[in-house]
Amino acid sequence: MTFPIIPRLPLQVAFIAAALVPHLVLEAQEPYKQPPDPIAQILDADPRPAVSLSPDRAWLLMMERNSLPTIAEVAAPELRLGGSRIDPRSNAGSRQASFKALRLRSVHGSIERTIKTPAGARITGVLWSPDSRSIAFTIGEDSAVTLWLAEATSGQARSLTPAKLNGATGFPCAWVDSSQLACLMIVANRGDAPLASGTPKGPVVQQSMGRSAANRTYQDLLSNPADEATFEHFFTSQVVLVSKTGEVTPVGSPGIHVSASPSPDGRYLLMHTLHRPFSYVVPMSEFPTRIEVWNMSGVVVKQLADLPLQEEVGTAFDAVAKGPRNVSWRADAPATIVWTEALDEGNPSREVAKRDRLQVLAAPFTDAPTVVMDVGTRIRAVRWARSDLALVDEFWWKTRKVKTWAVNPARPSAEPRLVFDRLSEDRYGDPGSFVMTVGPLGTRVLLTTANGRSAYLAGSGASAKGDVPFLDRMDLASGKTERLWQSASPYYEEIVALLDPNGRQVLTLRESVNDAPNYFVRDVRGGKFVRLTNIKDPAPQLGGIAPQLITYKRADGVQLSAKLYLPPNYDKSKGRLPFFFWAYPQEFKTAAAAAQIQGSPYRFVRPAGASHLLLLTQGYGVLDGPTMPIVGEGDKEPNDTYVEQLVGSAKAAVDKVVELGVADRQRIGVGGHSYGAFMTANLLAHSDIFRAGIARSGAYNRTLTPFGFQAEERPFWRAREIYASMSPFFFADKINEPILLIHGGADDNSGTFPVQSERMYAALAGNGATVRYVVLPAEAHGYRARESVGHTLWEMVTWLDTHVKNPIIQ
């Protein structure tokens, strides 16, 4: 046997040895395969454009998206550092989506305008100016990310500066006001990346000195001093002000600046800056962080906190770090910082009357902070409206309880009023989300009526008949709501934005089984509407498919539901179909919440990517999202009876489709992605309900995620039997149905390391199972490359044709 000789890297590129992953692989065993028609044609169709509404609600910015990238793009070299992945050539995120063209459409009138961007431009981010006259956008090139500006009135675009932006932590710019932006730039003349010696100088050592430091399982962490030096090099940036005329003014000193957020009045910057010591066990979001307020000359006028390394927060879902968190600008004030701080030291097991405090500090930041309110659980969100009104959400994971309070920030001593008190998992009781708007300071604030007495709620309108979106007006004094509008069959129509403060006109997105989603301006009371866009069906090959919402019961009485799809032009008289189930389990604290219907029969369904729904083109029926609720009421934990509930749900779903006369009980497969893959392996291990399974990017041995997974908070050492009984790896010898394992070779999801599928395959093969294991080079947790997506679908179709549609029954 001979082995390939791997050449030594030249010194000039040795710095990448520890962190740069060029996705080099040995010769592939098989070339990429194409899925059967018409799947390939559907994959190559342009996706629906993304849309951004201007702050003054006068323009729709249509952002034309690219189709699937090539494997060459996805497999380009990248750095994996501190939980992030960046392209070392452009110093920006290596897996970010992009747009190929920008178009403007007037909301009132019929003006359409194309923004003139460079041919072949890869647009990676877009941001309206507060006055809606300009659009800042970034173009990602092979060697840099650059800043451009377009004028809404003309569509003309120009490069603002040749200086290279630092997009390592996300979109690198924010409008200070409508005349200039604050941006993170690559430090001028920063030099080459640090070199890493090819010869180790000693071992890499970590130690824990008796203090609890439990953490979830993370990917792409720093692992040695060379990684640390490389992280500093690529993530260090210089804050600059960039005017609309292209003038660049440096502000302050370089640092590992995660964000530079301008105050609403444009006088200050709120800075989050990382510093050493770094960590090898948590991502950069937990690194030591200085939180400061700078003036526009870069002088620190207030240091709010210097937070230490967060390795000891704990894994309980209600646990938080000590010190200020969620620090931001108050949206309805010129320059006031707002933050939350734990009163129980972030420890949910401590018995205290109040757990979280919301406080503010106004410029010039010399007074003591003002306490707005204390709450009994964790503050989750704050919606600022005006000086005497804010809406505060608090949430407690353990009970799924969420409360919304109306508070008067100008009079903190005034008693807050309880607006909502509900369970987060109760979709039927969801009052909707408060509608926001861009206020006079250019920030997002609560939209209220002209007299300030009412606010608006828009929601999905979940019900036993499916989702029926709505718009309500709420009286802020009494809490009473009035239904202004609701979607009506045979359409599914949802609120995108209110176009005036009195709620007379709204922007909606409307679709039906046969009508692609398009944007409309609608008069709420009169019912008149005007269509703004003309988005076509990207996959007419799937015309006519529609979900049928079905309900059925598990043996223990829990109500279940699913969306049933049948192939185009299916004739029931020609016999029962081979079927494929695609599901994802979900934990609940109440059986009543688990029973609630999700989805609508009036949606325009056109699958994209490696969707299981594309199997409809190959003669399969598909049961999409059959609910697999794992319920733990009261003091019981859902996962205490995970396997029993999972198998019971699957059996009930099979019985239902067979009862409907559309499915052949002997020809039903099951599959899922991530936690759905975990589900699939468990169903094959603990039942003989399905003919075969497809498990994509899953985790199968829970002892490799010992500090919790999914909704499981308990560590392995407190729930050994649960971890073991839920791990299909422990029952690989019981799986006697064919199973296809697919995994991205560069999976970045917490817990789903590729080794999970590698070891599961070894266990199955070692026990004589029928199993195929496919590794998709360079793919992360979700698959992006056209070649990878096409091959995945080829694998799925081939596997199901072989083992489900035309099985060899022994």
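A few points about this structure:
- Residues satisfying the stated conditions in segment 413-432, i.e. open to solvent by 50 Å² or more (accessible area, probe 1.4 Å) and touching a residue at least 24 places away in the same chain (Cβ under 8 Å): Arg417, Leu423, Arg427, Tyr428, Asp430
- Flag if Gly109 is of a type outside the set (A, V, I, L, M), open to solvent by 30 Å² or more (accessible area, probe 1.4 Å) and closer than 30 Å to Asp523 by Cα: yes
Let's see how each residue does on (1) more than 17 Å from Phe434 (Cα to Cα); (2) not acidic (Asp, Glu):
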site	(1), (2)
Ser478	no, yes
Asp500	no, no
Ser512	yes, yes
Ala516	yes, yes
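- Segment 706-736, residues that are in contact with a strand residue (DSSP E or B) (Cβ under 9 Å, 6 or more places away or on another chain), in contact (Cβ under 8 Å) with a residue 60 or more places away in the chain and within 30 Å of Glu795 (Cα to Cα): Gln710, Met726
- Test: Ile550 is modelled with pLDDT under 95, touching a strand residue (DSSP E or B) at 6+ places or on another chain (Cβ under 7 Å) and hydrophobic (A, V, I, L, M, F, W, C): no
- Answer from Ala385, Ala406 - the residue that is among the small types (Gly, Ala, Ser), open to solvent by less than 60 Å² (accessible area, probe 1.4 Å) and closer than 30 Å to Glu292 by Cβ: Ala385
- Of the residues making up segment 606-624, those that are buried (at least 19 other Cβ atoms within 10 Å of the Cβ) and either free of Cβ contacts under 8 Å to residues at least 60 places away in the same chain or within 25 Å of the chain's Cα centre (by Cα) (or both) are Arg606, Pro607, Ala610, Ser611, His612, Leu613, Leu614, Gly621, Val622, Leu623, Asp624.
- When we screen Val407, Val371, Val375 for residues that are among the hydrophobic types (A, V, I, L, M, F, W, C) and closer than 28 Å to Val300 by Cα, the only hit is Val371.
- Some residue of segment 750-768 being of a type outside the set (Phe, Trp, Tyr), at pLDDT below 95, open to solvent by 10 Å² or more (accessible area, probe 1.4 Å) and under 23 Å from the mean Cα position of the chain (by Cα): yes
- Residue that is nearest to the chain's Cα centre (by Cα) [pool: residues in segment 279-312 that are open to solvent by 40 Å² or more (accessible area, probe 1.4 Å) and among the β-branched types (Val, Ile, Thr)]: Val281
- Qualifying residues in segment 313-339 (those that are part of a strand (DSSP E or B) and within 24 Å of the chain's Cα centre (by Cα)) - the one surrounded by the most Cβ atoms within 10 Å (Cβ to Cβ): Trp329
- Candidate set: segment 86-106, residues that are out of contact with any Phe, Trp or Tyr (no Cβ under 9 Å at 6 or more places or on another chain) and not in a loop (DSSP other than H, G, I, E, B); chosen: the one surrounded by the most Cβ atoms within 10 Å (Cβ to Cβ): Ala92
- Which numbered condition Phe678 misses (of (1) more than 20 Å from Leu560 (Cβ to Cβ); (2) surrounded by 20 or more Cβ atoms within 10 Å (Cβ to Cβ); (3) of a type outside the set (A, V, I, L, M)): (1)
- Count of residues meeting criterion [out of contact with any Pro (no Cβ under 9 Å at 6 or more places or on another chain) and either under 25 Å from Val281 (Cα atoms) or in a loop (DSSP other than H, G, I, E, B) (or both)] in segment 739-763: 12
- Restricted to segment 447-457, and to residues there that are in contact with a Pro (Cβ under 8 Å, 6 or more places away or on another chain) and outside any strand (DSSP E or B), the residue that is nearest to Ala58 (Cα to Cα) is Leu447.
- Residue that is surrounded by the fewest Cβ atoms within 10 Å (Cβ to Cβ), among those in segment 690-737 that are under 20 Å from Ala583 (Cα atoms) and aromatic (Phe, Trp, Tyr): Phe729
- Number of residues in segment 38-71 that are of a type outside the set (Gly, Ala, Ser), outside any strand (DSSP E or B) and in contact (Cβ under 8 Å) with a residue 60 or more places away in the chain: the value is 17.
- Test: Val51 is under 30 Å from Gln618 (Cα atoms) and among the aliphatic types (A, V, I, L, M): no
- Filtered residues of segment 218-266 (kept if crowded, with 21+ Cβ neighbours inside 10 Å, among the polar types (S, T, N, Q) and under 16 Å from Arg85 (Cβ atoms)): Thr230
- Residues of segment 433-451 that are without any contact (Cβ under 8 Å) to a residue 40 or more places away in the chain and not polar (S, T, N, Q): Pro440 alone.
- Test for Ile39: is it in contact with a helix residue (DSSP H, G or I) (Cβ under 6 Å, 6 or more places away or on another chain) and either modelled with pLDDT of 95 or more or over 24 Å from Gln96 (Cβ atoms) (or both): yes
- Residues of segment 777-810 satisfying the condition of being of a type outside the set (D, E, K, R), over 19 Å from Thr70 (Cβ atoms) and either crowded, with 22+ Cβ neighbours inside 10 Å or at pLDDT 95 or above (or both): His781, Met796, Val797, Thr798, Trp799, Leu800, Thr802, His803, Val804
- For Lys302, the requirement of being assigned to a loop (DSSP other than H, G, I, E, B), modelled with pLDDT of 95 or more, more than 23 Å from Phe420 (Cβ to Cβ) and touching an Asp or Glu at 6+ places or on another chain (Cβ under 7 Å) is not met.
- Out of Gly140, Gly82, Gly155, sole residue that is small (Gly, Ala, Ser), under 26 Å from His233 (Cβ atoms), open to solvent by less than 50 Å² (accessible area, probe 1.4 Å) and touching a strand residue (DSSP E or B) at 6+ places or on another chain (Cβ under 7 Å): Gly140
- Residue match in segment 625-634 (condition: open to solvent by less than 20 Å² (accessible area, probe 1.4 Å), closer than 20 Å to Ala594 by Cα and out of contact with any strand residue (DSSP E or B) (no Cβ under 8 Å at 6 or more places or on another chain)): no
- Looking at Thr199, Thr230, Thr236, Thr217, just one residue is among the β-branched types (Val, Ile, Thr), in contact (Cβ under 8 Å) with a residue 12 or more places away in the chain and farther than 21 Å from Ser94 by Cβ, and that residue is Thr217.
The values are calculated or read from the model by the stated rules, or taken from the named source; none is laboratory data. Keep in mind that what you see is a predicted model, and the values were worked out from it rather than measured. Positions of Cβ are backbone-derived with ideal geometry, glycine not excepted, and every protein chain shown enters the neighbour counts. Ligands, DNA and RNA are excluded from the accessible area calculation, which covers all protein heavy atoms including side chains. Shrake-Rupley method; radii C 1.70, N 1.55, O 1.52, S 1.80 Å.
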